[in-house]
There are 8 protein chains.
Amino acid sequence: MSERTWNVYLAGEIHSDWRDVIAAGVEEAGLPVRLTHPVTDHPASDDCGVEILGPEDVKFWHDNKGAGINAVRTYTLLREADVVVVRFGEKYKQWNAAFDAGQAAALGKALITLHPEEHDHALKEVDRAALAVCREPEQVTRILRYAIRGEL
Amino acid sequence: MSERTWNVYLAGEIHSDWRDVIAAGVEEAGLPVRLTHPVTDHPASDDCGVEILGPEDVKFWHDNKGAGINAVRTYTLLREADVVVVRFGEKYKQWNAAFDAGQAAALGKALITLHPEEHDHALKEVDRAALAVCREPEQVTRILRYAIRGEL
Amino acid sequence: MSERTWNVYLAGEIHSDWRDVIAAGVEEAGLPVRLTHPVTDHPASDDCGVEILGPEDVKFWHDNKGAGINAVRTYTLLREADVVVVRFGEKYKQWNAAFDAGQAAALGKALITLHPEEHDHALKEVDRAALAVCREPEQVTRILRYAIRGEL
Amino acid sequence: MSERTWNVYLAGEIHSDWRDVIAAGVEEAGLPVRLTHPVTDHPASDDCGVEILGPEDVKFWHDNKGAGINAVRTYTLLREADVVVVRFGEKYKQWNAAFDAGQAAALGKALITLHPEEHDHALKEVDRAALAVCREPEQVTRILRYAIRGEL
Amino acid sequence: MSERTWNVYLAGEIHSDWRDVIAAGVEEAGLPVRLTHPVTDHPASDDCGVEILGPEDVKFWHDNKGAGINAVRTYTLLREADVVVVRFGEKYKQWNAAFDAGQAAALGKALITLHPEEHDHALKEVDRAALAVCREPEQVTRILRYAIRGEL
Amino acid sequence: MSERTWNVYLAGEIHSDWRDVIAAGVEEAGLPVRLTHPVTDHPASDDCGVEILGPEDVKFWHDNKGAGINAVRTYTLLREADVVVVRFGEKYKQWNAAFDAGQAAALGKALITLHPEEHDHALKEVDRAALAVCREPEQVTRILRYAIRGEL
Amino acid sequence: MSERTWNVYLAGEIHSDWRDVIAAGVEEAGLPVRLTHPVTDHPASDDCGVEILGPEDVKFWHDNKGAGINAVRTYTLLREADVVVVRFGEKYKQWNAAFDAGQAAALGKALITLHPEEHDHALKEVDRAALAVCREPEQVTRILRYAIRGEL
Amino acid sequence: MSERTWNVYLAGEIHSDWRDVIAAGVEEAGLPVRLTHPVTDHPASDDCGVEILGPEDVKFWHDNKGAGINAVRTYTLLREADVVVVRFGEKYKQWNAAFDAGQAAALGKALITLHPEEHDHALKEVDRAALAVCREPEQVTRILRYAIRGEL
C-alpha cells in the first residue's frame, strides 16, 4: 500500500524564507508532503490581474482584478489542504494571512500558526482556532514529522 | 405572512461608534433586522476567560481562555447571520476582523466590508470576497434597506 | 400547532406582471406562503451600486457594484427558499434567470420553471433540473396549493 | 512528490474553437491540467436520449431524455472541477451556459467567464460571481499558468 | 421559553388509517409535534401532473409529471423533518416508501420504520438504518412521547 | 494527463446476469470505469453477520447483524460513486434497491434506473429522480460510453 | 426585534443535580436559553426500548433497542443545539458523554466541558476540542450570560 | 482498472497488540487496505506538545499542547477514513476512544467497535451507532475481507 500524501498549504508572510526552511526540513526527513503556497513573487501577485486581463485606471479595480486571479490559486489549494500553516511576520498589516486562517478554520482544516511572541495578544482568536502555535518554522516540520511518522 | 428577520453580524473594530450609527439607521428605517456583534467592552473581552474560569500565570493562556469564551458568542452569531459586516478601523492589527471575514467567506455569508480607502491595498483579498466595500456606516444601512425593501 | 410557512422565491423576468398573478392566487387561496423576489425596479437594480457606493467611470464596474448589492438580497432569499420559480420571458438574454436556476438546482431547491413553449429547446437543461415546467403563472399557484394543501 | 492535477471544466458555447485554443495553450505550457467539457457534437448532444433510450413523439420529451443523459456527464465533471470556465458566444440563448455558471457558483468552484464586451451588462450577475472575466481564450490559459506555476 | 416544535414526516402506505392513529395519540398526549405527510388522496396524487400542467398521451410521462409535482411537497417536508416514520403495508410494491427511507437515511434524519413482522427479512437493510422498528402506530406515538417528554 | 476513472455502483437485483452484461460492454468499449456492486452471493449476504459475529436465536437480529456488515461495503461504495445504477427485477419486494436509490438521490449522485415497463407506475417517484430510465443493460453501457467518450 | 433563543444541550452525567444548577442560574439571569438534555431517569432510559417495542431475551439487544429510542431524542436535540455542555462525573465509564462530545465537535458545535481536575489527563483530547473547560456548573451559567448579554 | 484502496482508521486502546493482529490478517488476505492509527507510543503521545513547542509549568497546558499536535494527525486520518474501528480495552477511562467514535458517527463513517462483552451496557450508545460490534480483532479482518472481496 503506497503512503498517503499530506497536502500542506503555507499561507501568509512572503518576505522571509520560512517556506524554504520547512521545505528543506520536509525533504530531509523524507516526508510524503506536498507543500503548496500562494504566489510569493510580490509584484507578480500585485499585477497579475491587469497584466492578464488589461489595465485599470482606478487602483481599487487594479487590485480587485489581481485578487481574483490569485484566488483561483489560493482558494483551490487551501480547500484541498489537510493542514494549513499561517505565518505572521513582523511587518505589514497581513490581513490576508488572517483571512486565510479564518477560511481554514471554517473549512475544518488542521490549522497551525507561526509567529513571534509579540503578536500573541493580537492573534489570540486566530491562535485559539489553531491546533498548534509555533515560533520557528523548524517546529512546523517537527509537527509534520510527528503527525505523519509518529517520530519526535 | 410576517416579514422575515434579517440577521446581520457586525464584526471588527470596537473603538468607534459605527455600530450605533448602523443601529440608528436600521431603527429609523424600521427594518426587520436583528443586529448582533462581539462583546465590545474591551476589558471584559480580554479578561472574561480568567474571570470566569480562574487565573493564569502565563499571558498566552490568559488570552487563550478569553478567546475560547468569546468564541462561544461570536461563532454562534456569525454562523447564523445572513449578512456579515466587517469594519477595519485606523488603529491596531485587527487580525481578528480579517479572521472573521475569512470565516464568513468560507461559510458562504453575504460579506460587506467597511474601511477607509487607505486600507484598500492591504485588504484587497478580503474586499474581493465581499459583495460591497463601504466607506461609511450609513452606506451599510442603505444596502440593508435596499436589500430588504428595494428602496434606494 | 401553527402551520409551516413556505418560502417561495420568484426569480427571473421583471417586465410582466407574473409575480402579481401568483401573489393574488396565493392570497385568494389563503396559502401560508412568503413570496420573495429580486428588486424588480429595473433602474434601481441597475444603479444601486453607484448610487450607494459612489460613481464609476467604467460601465463594467458600475454594473459590478450593482450586481454585488443585488446579490446581498437575492443570494440570501434564494438560499432560504423551499421552492424557487424561474420565469423566462420573451425578450432579453435573461442569463440572470438561468444563473439563478443553476444556483437553485445546485442548492437542492425544488425548482419550477415558467416559460412559453418556444423556449423549450433552449431551456432543456434547465427544465430537466426542474420538478415542473409551467406555461402560465396560474399553474404555479395551483402547484403551491396542491403541494401545501393537497388540493387540486 | 508528484504534481497535483488541476481539473478544469470548459462549459458553454460549442460553435467556435475556443476549447482548442485553451487546450493548445495548456499543452504548450506543459501544465498539469485535465480539461473536461460537455459533448460538443451538437446533433449527438440533441439526440442522445432518443438514440439510446428510444424515440418520443413529443419534442419536449425528446429533449428531456437527451438533457438527462448529457447531465450524467456534465454534472459529474462539473462537480469534480477545481476551475469552471464558462464561455458565452455571440449567438443563441445560451441559457445552458448561465445555468452551469450558477451551479458552479453555488458549488463553490473557482469560476471564470469568457465573453465579448457587448454581453457585459446582460452578464453582470454572472461576472460578479466570477474570479475573472476574460475576453480571449488565451487569457484563460494565462490564468491557469499563473495559478498553477506562478508565472506571468 | 416556548417549547420546541418537532417536525415528524409520515411516509409510506396510504391505504390504512395509521396516520390518524398517530395524530390522535399525539393530540391526546398534547405533544408539540407538527405531523406532515405526502398527499394521501391516491387519484389526486396520480393525476396532479396532467391536471395542472396538461395531458400526456404516454402513461410514463403522465406519471413523470405527477411525480414531479408530488416531489415539490414531499422533498420539502422530508428535508425539514426531525423524525421520518416510514410505513410498509401489506400490499403493493411500495418502492416509494423505501425510496423515502433511503433519502431520510442519507439526510441523517431519525428514521423509524413501521411494518408487520412478515416483511422483516425484505426490509432488513431499511430496518438496519432505522432507530426503531415498530409494529403498531401506537408505538410510534409512544416513542415520540418518550423522545419529547421523557415519559414512558 | 491520465484519463479520469468513473466509479459506477450497480445496485439492486442479484438474480440475473445484468451486471455481467454491463461489465462486458464496458470492457469491450475500453471505458475507464470501475464497476462496484453489493455482494451478490445471496446466502453469504444473508448470513455474513452471524457467520462472522456469532449466531442469533432470533431471526430479526440474525438479519440485523448481516445488514450491518453488508452496509460497511455498500455504503462506502455508494458514497464514492459518480453514477449509481439501480436494477429492479421481476421478482421479490426489492425494497433494498429502492432504499439505495433514495440514498443515491439524496447524496446527489447521477442516478440511472433499469427495469421493465411493467414497473413504471410503481417506480414513478424513483424514475423521476433518475437521469435516465433504461430497459436493457446494454443501454446503461451506451450511456456510460456517451457520458465518458461522447460517442453514440 | 425579538431576542434570539439560544439552544443549549446538557449532555453527560445523570446522577447529580448539575443541570438544575444551570437551569436555576439561567432563570435567575433571565437568559433567552432553551435547555435540553437526554432523558435523565436512568431506569426509563435503560428500558424504554423493550418497554415500547417488546422484550428481548438477550441483554445486548435489550440495550440496543433502548439506545435507538434514546437516540431519537438525543440526536435531534444535539444537532439543533448552538452550545453543547458535556459533564463528566466521578463515577462510571461515561463513554456516552465522550461520544456526545465527539459528535458535537464534528458537527461544529460550541463545546463546553464540565469536570473535576482529576479527569484532566484522561479528557485532554475532549478538552482540546472544547471552547471552555469548567469545574462548576455556575461557570457554565456565567459563560452563557457573557456569551448572550456580554455581562461578566 | 486498479483496485480501490480502503482507508481504515484504528482508534482507541494502545496497550495491546490488536492493531498488529488486524494488520497481519489484512496482509495475509492481500486486501487493498491502508491502515492508519493514532501515535501509539504513549510517552511520545503525552509529551509531543512540550517537546516540540516548549515546556509548560501547568499540567493542563502541557496536556493541551500535546492534544493539539496529536489532533493534527488523528483528525486528518479519521476524516479521510472509509471505515473507523474503535477498540475499548479493559483498563483506563478511554474517553478518547469514545470521542473518536462520536466524531466518526457524526462524519458518517462506517463505524465498527471492538470490545469485550463486559462493556456492552456502558457502550450501548456507541454500539448502536456502529455497523458491527466485534469481540476479537480477527473479526474485524473478516469484515474487511467480506466488505472488500465478498468472501466469508
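The values are calculated or read from the model by the stated rules, or taken from the named source; none is laboratory data. This structure is a prediction, so every number in the text was calculated from the model and none was measured. Because the Cβ atoms are built from the backbone with ideal geometry, glycine has one as well, and the counts that use them run over all protein chains shown. For the accessible areas, the whole protein counts, side chains as well, though only heavy atoms, and no ligand, DNA or RNA atoms are used. Shrake-Rupley method; radii C 1.70, N 1.55, O 1.52, S 1.80 Å.
For this structure, a couple of remarks:
- Checking B:Val84 against (1) more than 9 Å from chain A (Cβ to nearest Cβ); (2) under 27 Å from A:Glu118 (Cα atoms), the condition it does not meet: (2)
- Annotation note: of C:Ala130, C:Ala97, the sole residue that is touching a strand residue (DSSP E or B) at 6+ places or on another chain (Cβ under 7 Å) and either in a loop (DSSP other than H, G, I, E, B) or surrounded by fewer than 18 Cβ atoms within 10 Å (Cβ to Cβ) (or both) is C:Ala130.
- Search result, residues across the range B:114-128 that are under 15 Å from the mean Cα position of the chain (by Cα) and either more than 7 Å from every other protein chain (Cβ to nearest Cβ) or of a type in the set (D, E, K, R) (or both): B:Leu114, B:His115, B:Asp127
- Within the range G:26-39, being more than 15 Å from E:Glu151 (Cβ to Cβ), open to solvent by 40 Å² or more (accessible area, probe 1.4 Å) and not aliphatic (A, V, I, L, M) holds for G:Glu27, G:Glu28, G:Gly30, G:Arg34.
- Verdict on G:Leu111 being within 16 Å of the chain's Cα centre (by Cα) and either surrounded by 23 or more Cβ atoms within 10 Å (Cβ to Cβ) or part of a loop (DSSP other than H, G, I, E, B) (or both): yes
- Filter pass, B:Ser2 being among the small types (Gly, Ala, Ser), exposed (fewer than 14 other Cβ atoms within 10 Å of the Cβ) and in contact (Cβ under 8 Å) with a residue 60 or more places away in the chain: no
- In the set (1) open to solvent by 10 Å² or more (accessible area, probe 1.4 Å); (2) within 16 Å of the chain's Cα centre (by Cα), D:Arg142 fails one condition alone, (2).
- Criterion violated by D:Val8 - all others in (1) more than 30 Å from A:Glu3 (Cβ to Cβ); (2) of a type in the set (Val, Ile, Thr); (3) assigned to a strand (DSSP E or B) satisfied: (1)
- Among the residues of the range G:114-126, the ones that are assigned to a loop (DSSP other than H, G, I, E, B), of a type outside the set (A, V, I, L, M, F, W, C) and in contact with a helix residue (DSSP H, G or I) (Cβ under 7 Å, 6 or more places away or on another chain) come to 2 in all.
- Test: E:Asn70 is at the interface with chain F (Cβ under 9 Å from one of its Cβ atoms), within 22 Å of E:Asp46 (Cα to Cα), open to solvent by 30 Å² or more (accessible area, probe 1.4 Å) and not in a loop (DSSP other than H, G, I, E, B): no
- Only one of the numbered conditions (1) surrounded by fewer than 21 Cβ atoms within 10 Å (Cβ to Cβ); (2) over 19 Å from D:Gly54 (Cβ atoms) is violated by F:Gly102, and that is (1).
- Residue in the range A:52-66 that is assigned to a helix (DSSP H, G or I) and closer than 27 Å to B:Tyr75 by Cα present: no
- Residue check: F:Leu78 meets all listed conditions (1) outside any helix (DSSP H, G or I); (2) in contact (Cβ under 8 Å) with a residue 24 or more places away in the chain but one, namely (1).
- Among the residues making up the range H:40-67, those that are open to solvent by 30 Å² or more (accessible area, probe 1.4 Å) and touching a residue at least 24 places away in the same chain (Cβ under 8 Å) are H:Thr40, H:His42.
- Single condition G:Gly102 does not satisfy, out of (1) without any contact (Cβ under 8 Å) to a residue 60 or more places away in the chain; (2) assigned to a helix (DSSP H, G or I); (3) more than 7 Å from every other protein chain (Cβ to nearest Cβ): (3)
- Residue that is nearest to the chain's Cα centre (by Cα) [pool: residues in the range D:26-67 that are more than 21 Å from F:Ala104 (Cα to Cα), aliphatic (A, V, I, L, M) and within 14 Å of chain C (Cβ to nearest Cβ)]: D:Val39
- Of the residues making up the range D:81-92, one or more are closer than 24 Å to F:Leu31 by Cα and modelled with pLDDT of 95 or more.
- Criterion violated by C:Lys91 - all others in (1) open to solvent by less than 30 Å² (accessible area, probe 1.4 Å); (2) among the basic types (Lys, Arg); (3) assigned to a loop (DSSP other than H, G, I, E, B) satisfied: (1)
- B:Ala11 vs. criteria touching a Lys or Arg at 6+ places or on another chain (Cβ under 8 Å), aliphatic (A, V, I, L, M) and free of Cβ contacts under 8 Å to residues at least 60 places away in the same chain: no
- Flag if C:Ser16 is assigned to a loop (DSSP other than H, G, I, E, B) and either touching a Lys or Arg at 6+ places or on another chain (Cβ under 7 Å) or in contact (Cβ under 8 Å) with a residue 24 or more places away in the chain (or both): yes
- In the range E:5-25, the residue that is nearest to the other protein chains (Cβ to nearest Cβ) out of those that are modelled with pLDDT of 95 or more, open to solvent by 30 Å² or more (accessible area, probe 1.4 Å) and in contact with a Pro (Cβ under 8 Å, 6 or more places away or on another chain) is E:Thr5.
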